[in-house]
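Asks: Take a look at the following structure, please.
The values are calculated or read from the model by the stated rules, or taken from the named source; none is laboratory data. Everything quoted here is computed from the prediction, not taken from an experiment. Positions of Cβ are backbone-derived with ideal geometry, glycine not excepted, and every protein chain shown enters the neighbour counts. SASA here: full protein model, heavy atoms, side chains in, ligands and nucleic acids out. Shrake-Rupley method; radii C 1.70, N 1.55, O 1.52, S 1.80 Å.
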Amino acid sequence: MTQLILAIDQGTTSTRAIAFETAPEGGLQPLAVSQVALQQHFPRPGWVEHDAAEIWAATLQTCRAVIEKAGGVGRFAAIGITNQRETSVLWDAATGEPLHKAIVWQDRRTADATGALAAAGYEPMVQAATGLILDPYFSASKFAWLLDAVPGSRERAARGEVKLGTIECWLIWKLTAGESHVTDATNASRTSLMGLETLSWRADLADLFKVPLEGLPDIRGCADLLGVTETSLLGAALPIHGAAGDQQAALVGHGALDPGDAKITYGTGAFLVANVGATPVTSTSRLLGTLGYSVGGAQAYALEGSIFSAGSAIQWLRDGLGVIADSAQSEALAQGLADNGGVYLVPGFTGLGAPWWKPDARGTITGLTRDSSPAHLVRAALESLAYQTRDLLDALAEDGAPRLSVLKVDGGVTANAFAMQFVADICEVPVERPAFQEMTALGAAKLAALGVGLIDDLDDHPVEPPTRWEPRMAAAERDRLLEGWRAAVKAAIIAAP
Ligand code: ADP
């Protein structure tokens, strides 16, 4: 009987469970899926919360649904978990109940706290130790906020009565009925509390952020045994044998396993993760140093950069300007023009991310003439994806990362063949889109399948071949376009308040 893997993909807007089976060719393919939407809470401007109890209930519900669809728990060999990263939970060890709403990665409430640490000169030390800049994005300041907000919880955490963790840690705790308080090293690498080289918590950082070490989970490898489910929950004691944060799981899902392999997920925003090999690289261009994965005691490190507005620029054309009726129309409109007519759109709707880091920059359009049409705006929006990717790849190169051999892509925007060809052209790198798009869940499934011995390695073994775009633009044309883009970015930054 086939042995299946149950992948839990706990994301920002939904919780999903997917059953994977091993394909005869060696890869993993999906068999059944169940999904539940997750309610977002915005109690104040800049604050974003989730209800950890709701996340747990949805996890249990989707797992049970998928197990049933796939023919019963007896068919499953193991569970793998991937999750929204950095989101922070505080709970009572005795009752297993959250003591506060979870603080979501997007939440900016601790900006003053991390800003004060940066002003006091701690950033170089924190970056050298963890790879991360000082920012409210990461879990440490969120943990500290929770411990401040719940009276007595810091002391109770120091006594082991109160637990801290990111979402995979919370789910493992619940799935094991409190037997396992563990995290995987990729999720731990997003807290600002773990030494990136040692993969262990650092007492100096715990002191700096005022987070008691005793409240933190044990750190494990991504394909280690992380716990065994309590029998009554799913009908059997299943080993949880894989876990990784969502972007890292996608790296594994894509099979971006060698230095020089990189993946970028083009959704609402875009997240680039580049494999840099067995030793961490410290960024001098404000990319994030992070762990790609840790398997069997061997590490792949990564550099990461985010683009704040990718698909959201297309959404704006549709919902804000009304120049397209649906996202897919953008392709034909852009393709219908011979070139961009000198029009550039810098989609700084919510500021500019890496490598510019200009939170106050705003969206800017340059080069308009009387000839400019809605199609030029559409084309400029699609082209901006490629230019922003190029800026990230240039930052990678500046940091001494290995030269990219291929850029693996996934996410809603990759349906757009014009945009993908333009990325290949502007970035001078082949672009590959896998036929199966659920790279995050696939990554978690692969880790668990490896951990439990169902597969021998993390290679991608795609069941269907990927679509590939080769760079074919002449260098002079590319240089001319990049010059126009850089002038537009300058205009966006100068115009910032
Ligand atoms: P997320 O996971 O961030 O919600 P998805 O991966 O589902 O995002 O991608 C959705 C995004 O993809 C939307 O912003 C949408 O505008 C964009 N998108 C979808 N289809 C296309 C297309 N054919 N061309 C360009 N953008 C597209």
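Asks: In region 157-180, what count of residues is obtained for those that are open to solvent by 10 Å² or more (accessible area, probe 1.4 Å) and in contact (Cβ under 8 Å) with a residue 60 or more places away in the chain?
Replies: Going through region 157-180, the residues open to solvent by 10 Å² or more (accessible area, probe 1.4 Å) turn out to be 158-161, 163, 173-174, 177-180.
Next, only the ones that are in contact (Cβ under 8 Å) with a residue 60 or more places away in the chain stay: 160-161, 163, 173-174, 177-178, 180.
Residues that pass the stated criteria total 8.
Asks: Same structure again: Checking Pro374 against (1) out of contact with any helix residue (DSSP H, G or I) (no Cβ under 8 Å at 6 or more places or on another chain); (2) within 16 Å of the ligand (Cβ to nearest atom); (3) open to solvent by 50 Å² or more (accessible area, probe 1.4 Å): exactly one of these is not met. Which one?
Replies: Exception for Pro374: condition (1).
Asks: Looking at (1) modelled with pLDDT of 95 or more; (2) within 21 Å of the chain's Cα centre (by Cα), which one does Val346 not meet, given that it meets all the others?
Replies: Status for Val346: all satisfied but (2).
Asks: With the requirement that a residue be in a loop (DSSP other than H, G, I, E, B), open to solvent by less than 20 Å² (accessible area, probe 1.4 Å) and in contact with a helix residue (DSSP H, G or I) (Cβ under 6 Å, 6 or more places away or on another chain), what does region 240-272 give you?
Replies: Quick first cut of region 240-272, residues in a loop (DSSP other than H, G, I, E, B) only: 254-260, 267-269.
This time we only want the ones that are open to solvent by less than 20 Å² (accessible area, probe 1.4 Å), so: 254-256, 260, 269.
Selection gives His254 alone.
Asks: Does any residue in region 324-341 that is free of Cβ contacts under 8 Å to residues at least 60 places away in the same chain and part of a helix (DSSP H, G or I) come within less than 9 Å, Cβ to Cβ, of a residue that is away from the ligand (no atom under 11 Å from the Cβ) and basic (Lys, Arg) six or more places away or on a different chain, and which pairs are these?
Replies: Partner pairs satisfying both residue conditions: Leu333/Arg379.
Asks: Follow-up. Can you report the number of residues in region 320-342 which are near the ligand (Cβ under 9 Å from one of its atoms) and among the acidic types (Asp, Glu)?
Replies: 2
Asks: Collect the residues in region 453-497 that are under 27 Å from Ile79 (Cα atoms) and of a type in the set (A, V, I, L, M, F, W, C), keeping them in residue-number order.
Replies: If the condition is that a residue be under 27 Å from Ile79 (Cα atoms) and of a type in the set (A, V, I, L, M, F, W, C), then Leu454, Ile455, Leu458, Val463 are the ones that fit.
Asks: Moving on to the next point. Only residues that are surrounded by 18 or more Cβ atoms within 10 Å (Cβ to Cβ) and more than 23 Å from the chain's Cα centre (by Cα): list them for region 22-31, please.
Replies: Thr22
Asks: For region 286-300, give me each residue that is open to solvent by less than 20 Å² (accessible area, probe 1.4 Å) and within 15 Å of the chain's Cα centre (by Cα).
Replies: From region 286-300, those open to solvent by less than 20 Å² (accessible area, probe 1.4 Å) are 287-292, 294, 300; that's our starting set.
Those that are open to solvent by less than 20 Å² (accessible area, probe 1.4 Å) and within 15 Å of the chain's Cα centre (by Cα): Leu287, Leu288, Gly289, Thr290, Leu291, Gly292.
Asks: Which numbered condition trips up Ile314, out of (1) surrounded by 23 or more Cβ atoms within 10 Å (Cβ to Cβ); (2) over 22 Å from His241 (Cα atoms); (3) under 19 Å from the mean Cα position of the chain (by Cα)?
Replies: It fails just one condition, (3).
Asks: Follow-up. When region 84-129 is examined, which residues are found to be under 26 Å from Pro280 (Cβ atoms), among the β-branched types (Val, Ile, Thr) and either assigned to a loop (DSSP other than H, G, I, E, B) or touching a residue at least 40 places away in the same chain (Cβ under 8 Å) (or both)?
Replies: Thr87, Thr110, Val126 - these are the residues of region 84-129 that are under 26 Å from Pro280 (Cβ atoms), among the β-branched types (Val, Ile, Thr) and either assigned to a loop (DSSP other than H, G, I, E, B) or touching a residue at least 40 places away in the same chain (Cβ under 8 Å) (or both).
Asks: Right, next: So if I check each of Ala441, Ala354, Ala435, which one is aliphatic (A, V, I, L, M) and within 13 Å of the ligand (Cβ to nearest atom)? Show your work before the answer.
Replies: Details: Ala354 fails: within 13 Å of the ligand (Cβ to nearest atom); Ala435 fails: within 13 Å of the ligand (Cβ to nearest atom).
Exactly one of Ala441, Ala354, Ala435 is aliphatic (A, V, I, L, M) and within 13 Å of the ligand (Cβ to nearest atom), namely Ala441.
Asks: Ok, one more. Does at least one position in region 290-308 carry a residue that is assigned to a loop (DSSP other than H, G, I, E, B), within 16 Å of the ligand (Cβ to nearest atom) and touching a residue at least 12 places away in the same chain (Cβ under 8 Å)?
Replies: To start, the set of residues in region 290-308 that are assigned to a loop (DSSP other than H, G, I, E, B) comprises 296-297, 308.
Now drop any that are not within 16 Å of the ligand (Cβ to nearest atom), which leaves 308.
Next, from what is left, pick out any that are touching a residue at least 12 places away in the same chain (Cβ under 8 Å): 308.
Yes, region 290-308 has at least one match.
Asks: While we're here: Test Ser153 against the criterion of being open to solvent by less than 10 Å² (accessible area, probe 1.4 Å), closer than 19 Å to Gly245 by Cβ and among the small types (Gly, Ala, Ser), and give yes or no. Please lay out each step first, then the result.
Replies: Numbers: open to solvent by less than 10 Å² (accessible area, probe 1.4 Å): yes; closer than 19 Å to Gly245 by Cβ: no; among the small types (Gly, Ala, Ser): yes.
Answer is no for this residue.
Asks: Which one is most open to solvent (accessible area, probe 1.4 Å), of the residues in region 399-419 that are within 13 Å of Lys263 (Cα to Cα) and outside any strand (DSSP E or B)?
Replies: Of region 399-419, the ones within 13 Å of Lys263 (Cα to Cα) are 404-411, 414.
From what is left, the residues that are outside any strand (DSSP E or B) are 404-405, 411, 414.
Working: Leu404: 31, Ser405: 65, Gly411: 20, Thr414: 2 Å².
Result: Ser405.
Asks: So Ala237 clears everything in (1) in a strand (DSSP E or B); (2) open to solvent by 30 Å² or more (accessible area, probe 1.4 Å); (3) closer than 24 Å to His181 by Cα except one condition, right? Which one?
Replies: So the condition that Ala237 fails would be (1).
Asks: Can you name the residue in region 257-286 that is aliphatic (A, V, I, L, M) and over 19 Å from Ala310 (Cβ atoms) and is also farthest from the ligand (Cβ to nearest atom) among such residues? Talk me through it step by step, then tell me what you get.
Replies: As a first pass, look at region 257-286 and keep what is aliphatic (A, V, I, L, M): 257, 262, 264, 270, 272-274, 276, 278, 281.
Those still in the list that are over 19 Å from Ala310 (Cβ atoms) too: 257, 276, 278, 281.
Numbers: Leu257: 23, Val276: 25, Ala278: 31, Val281: 27 Å.
Ranking the candidates gives Ala278 first.
Asks: Examine region 364-371 for a residue that is touching a residue at least 60 places away in the same chain (Cβ under 8 Å), at positive phi and not in a helix (DSSP H, G or I), and state whether such a residue exists.
Replies: Yes; the residues of region 364-371 include at least one that is touching a residue at least 60 places away in the same chain (Cβ under 8 Å), at positive phi and not in a helix (DSSP H, G or I).
Asks: While we're on this one: Among the residues of region 350-368, how many are closer than 17 Å to Ala270 by Cα and open to solvent by less than 70 Å² (accessible area, probe 1.4 Å)?
Replies: Looking only at region 350-368, we keep the residues that are closer than 17 Å to Ala270 by Cα, and these are 350-359, 363.
Filter once more, so that each one left must be open to solvent by less than 70 Å² (accessible area, probe 1.4 Å): 351-355, 363.
Matching residues across region 350-368 total 6.
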